[in-house]
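Heads up, the thing below is written out as structure tokens.
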Amino acid sequence: MAERTGEPLMSVRGLRKAFGRFLALSGVDLDVWPGEVRAIIGPNGAGKTTLINVLGGQLAGDTGDVKLRGRRLNGYYPHQMAALGVGRTFQISSTFRRMTVYENMLTAHNSASRHWFSLSARRLRAMRDAVMADLERIELSHLADQPVEDISHGDRKRLEFGMVLATQPQLLLLDEPTAGMGLHERHDLIDLVLREVRQRSLTLIFVEHDIDVVFKAADTITVMALGRVFAEGLPAEIAANADVQEIYLGGR
């Protein structure tokens, strides 16, 4: 678990977000520390994805503050968040399905590169080497020439994660990274995620319904219910929390 020294990497205070009369977030407070792996769990409608969308810039909060390294991010758009080192994946894979695996990864590299306009042979060789190295890391180099629409759902999820890594983030926001995957695929993917997070010294916030994956991966677990933070603690503390058990059994 990351040592909590200094200031939080990301800090949220009093965050509220409504859709008409529905209050999706109702005064959320959250601190995430550098190097931490933080899981966000809760029943359907708890506000988990809305929270991730606000943290990633896909939605703007109505009131409250979101800060990264003390910098207020209210009103920032996704591309501005990405420039600050925030990477994001979605419940539904956002790859380009008619392009090949290689072309998808190349697109991610180009979007993150300051030299995307360069057509020099040296630059193109370096880019290709970098793309193939990343595909090797996520174990998809053997599928480099395959159209994404022809590969498995699990491999698309793996590719999407690799594409986010290509942008060189410092904070990863993963929304249900194992959604729709089989048991073996889920654990393979989370093993890959944890390996890369640790090797790159990244911070991870992820939403996940698979409790086995949550307890395997998380340093700290935040439980949401009715748009609020209901409980927070170490995995063992959350597992022993009777109120959290009641939520998952449908009592709230």
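We did not get these values from a lab; they are worked out from the coordinates using the rules stated. All values derive from a computational prediction rather than experimental measurement. All Cβ positions, even for glycine, are placed from backbone atoms using ideal geometry, and neighbour counts span all protein chains on display.
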For Arg98, Arg156, Arg198, which order do you get if you count the other beta carbons within 10 Å of each Cβ and list the fewest first? Arg98, Arg198, Arg156
Viscosity 1.002 mPa s, 20 °C: Kirkwood-radius Stokes-Einstein D of segment 95-168 over Cα pairs, µm²/s: 176
Contour minus Cα-Cα distance for Thr63 and Asn110 (0.36 nm per residue): 13.4 nm
Plugging the Kirkwood radius over Cα pairs into Stokes-Einstein for segment 102-252, at a temperature of 4 °C and a viscosity of 1.567 mPa s, what D comes out in µm²/s? 74
Note to self, the chain gives a 222 nm [θ] from helices alone (DSSP H runs n ≥ 4, -39500 (n - 2.57) apiece, / all residues, nearest 500) of -11500 deg cm²/dmol
Treating the beta-carbon of each Lys and Arg as +1 and of each Asp and Glu as -1, no other charges, what is the dipole magnitude of the chain about its Cα centre, to the nearest 20 debye? 1020
Calculated P(r) tail over 19 Å for segment 166-223, as whole % of Cα pairs: 24
How far, in nm, would the chain grow between Phe22 and Ser141 when pulled straight, counting 0.36 nm per residue and subtracting the alpha carbon separation? 38.3 nm
Using the 10 angstrom Cβ neighbour count as an exposure proxy, how do Leu124, Leu30, Leu173 rank, fewest first? Leu124, Leu30, Leu173
Go through 131-142, 31-42 and give me the packing order, highest mean Cβ count within 10 Å leading. 31-42, 131-142
Tilt relative to the chain, helix 153-166 - C-alpha long axis, 0 to 90 degrees, to 10: 80
For the chain, the charge dipole (Cβ of Lys, Arg +1; Cβ of Asp, Glu -1; about the Cα centre) points to a positive end, and the Cα of Thr49, Thr178, Ala126 closest to that extreme belongs to Ala126
Rg/Rh over Cα atoms for segment 16-62, Kirkwood Rh, comes to 0.97
